[in-house]
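The values are calculated or read from the model by the stated rules, or taken from the named source; none is laboratory data. What you see is a predicted model; the values in this text were computed from it and never measured. Methodologically, a virtual Cβ is constructed for each residue, glycine included, from the backbone with ideal geometry; neighbour enumeration extends over all protein chains shown. In case anyone asks, the SASA skips ligands and DNA or RNA and just uses the protein heavy atoms, side chains included. Shrake-Rupley method; radii C 1.70, N 1.55, O 1.52, S 1.80 Å.
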Amino acid sequence: MSSTSLSNPTLSTPFVGHKLPQNQNTKNGISYFPAIRRHRSPRCAVDMPYGENAPTFPRVRVWDPYKRLGISPYASEEEIWSARNFLLQQYAGHERSEESIEAAFEKLLMASFQHRKKTKINLKSRLKKKVEESPPWIKNLLNFVELPPVEVIFRRLFLFAFMGGWSIMNSSEGGPAFQVAVSLAACIYFLNEKTKSLGRAFVIGLGALATGWICGSIFVPMIPTVLIHPTWTLELLTSLVAYVFLFLACTFLK
């Protein structure tokens, strides 16, 4: 039968006239196709989920915030900030690590703030207690003194420091009479603004000027001449002392 099949080339079969697809193989009369492999491009770090390639913070479960950040319990705020920034940079991209670092940092920052606030309150209470235990004359003296805001102190300090510098710059031309008059007027203006009494402001201003001038006249001659510039006269140095008294009067007196 096999010879008949070979001798008759025109024998028709179901597969005659059909071309097998490319890469198609036959085995035992059964056709099959090889598996088609899909080309997959390698995944880059951008395609990875957030934090998958980032390093993990090893102290996520450490309860002590100091040990979690790797700093001493006596670390300053600058050291706390430095440790936090360093760890965030080292473990950037891992969400859980960043949250753990931020939580420890915020806990330490809040503790530092509460400690400063408690210390400030304790300092005020101690000063108040010292004042209450002081003699009556000290209490009466403190009733005439107040502590203004820091901005007010610096503004008035700058004004009288400018007057002192102006007097020193013009020391070779003449006396500081004009600068002293301007400083006295400024002191009276500030006192009147505070006390709402021009008469009281005028008395306190003149008293501060007289006190400063007397103290300068007494103590300035005791300064060794080696420490004094040759062009600085006794009048100039006395006026500098008067500026200090004027500043204290218009800033801290009620």
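Annotations
- Gly212 of a type outside the set (Val, Ile, Thr) and surrounded by fewer than 15 Cβ atoms within 10 Å (Cβ to Cβ): no
- Scanning segment 50-106 for residues being assigned to a helix (DSSP H, G or I) and surrounded by fewer than 16 Cβ atoms within 10 Å (Cβ to Cβ) gives a total of 17.
- Residues in segment 84-105 that are touching a Gly at 6+ places or on another chain (Cβ under 9 Å) and β-branched (Val, Ile, Thr): none.
- Check on Val220, farther than 12 Å from Leu246 by Cβ and exposed (fewer than 14 other Cβ atoms within 10 Å of the Cβ): no
- Condition met for Cys215 (touching a Lys or Arg at 6+ places or on another chain (Cβ under 7 Å) and closer than 24 Å to Val145 by Cα): no
- Listing of helices (runs of 4 or more DSSP H) fully contained in segment 171-254 that carry 3 or more residues being in contact with a Gly (Cβ under 8 Å, 6 or more places away or on another chain): 177-195, 234-252
- Across segment 155-180, the qualifying residues are those that are open to solvent by less than 60 Å² (accessible area, probe 1.4 Å) and hydrophobic (A, V, I, L, M, F, W, C), and the one among them that is farthest from Phe252 (Cα to Cα) is Ile168.
- Sole residue being closer than 15 Å to Ala242 by Cα and without any contact (Cβ under 8 Å) to a residue 12 or more places away in the chain, chosen from Ile214, Ile168: Ile214
- Search result, residues across segment 149-176 that are in contact with a Ser or Thr (Cβ under 9 Å, 6 or more places away or on another chain), modelled with pLDDT of 85 or more and not aliphatic (A, V, I, L, M): Arg156, Phe160, Gly164, Ser167, Pro176
- Every condition in (1) more than 39 Å from the chain's Cα centre (by Cα); (2) under 29 Å from Phe144 (Cα atoms) is met by Leu248 except one, and the failing one is (1).
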